């Protein structure tokens with residue numbers, strides 16, 4: 001009985017309701033002034049000159065010319081043991097969280113970094129935008145273009 005309750009609880013917690021909706025971005029952390037970890041907002045990529053994170057407290061503008069590097073990574077949402085992994089994988093795919101780390105210099109020349117959690121459909125688009133608008137940024141050296149070591153393609 002306890003196993004059944006634990007399994008049901010896990011399925012409830014791993015539901016898509018805990019994932020970010022399309023277009024919503026979460027500031028995980030970093031050194032950007034005026035933005036607190038956990039703030040949720042929108043990422044505006046329509047500007048030709050800056051990447052803009054808009055949240056309720058204001059907005060954070062990152063000029064494309066000031067971006068020194070960016071990196072995409074993803075993590076498994078829940079780490080399971082062997083038996084729970086087998087049981088859950090029979091029912092649904094494992095969920096992943098998607099992150100972008102962007103290093104840049106502010107107008108005063110001070111190095112800054114932001115880590116953003118993005119929806120699962122945004123990484124390819126954001127990588128393309130940053131690759132074309134921030135050409136001086138250092139990109140990963142592996143064949144798949146992500147931050148992994150094995151060339152997985154995300």
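Annotations
- Counting only residues that are touching a helix residue (DSSP H, G or I) at 6+ places or on another chain (Cβ under 8 Å) and either free of Cβ contacts under 8 Å to residues at least 40 places away in the same chain or farther than 16 Å from residue 42 by Cβ (or both), region 115-129 holds 0 of them.
- Count of residues meeting criterion [touching a residue at least 24 places away in the same chain (Cβ under 8 Å), closer than 21 Å to residue 125 by Cβ and assigned to a loop (DSSP other than H, G, I, E, B)] in region 27-77: 2
- Residues that are modelled with pLDDT of 90 or more and touching a helix residue (DSSP H, G or I) at 6+ places or on another chain (Cβ under 7 Å) do not occur anywhere in region 16-36.
- Subset of region 56-98 [within 23 Å of the chain's Cα centre (by Cα), loosely packed, with under 11 Cβ neighbours inside 10 Å and at pLDDT below 65]: 79, 93
The values are calculated or read from the model by the stated rules, or taken from the named source; none is laboratory data. As the structure is a prediction and not an experimental result, all values here were calculated from the model. We place every Cβ from the backbone using ideal geometry, glycine too, and count neighbours over all the protein chains shown.
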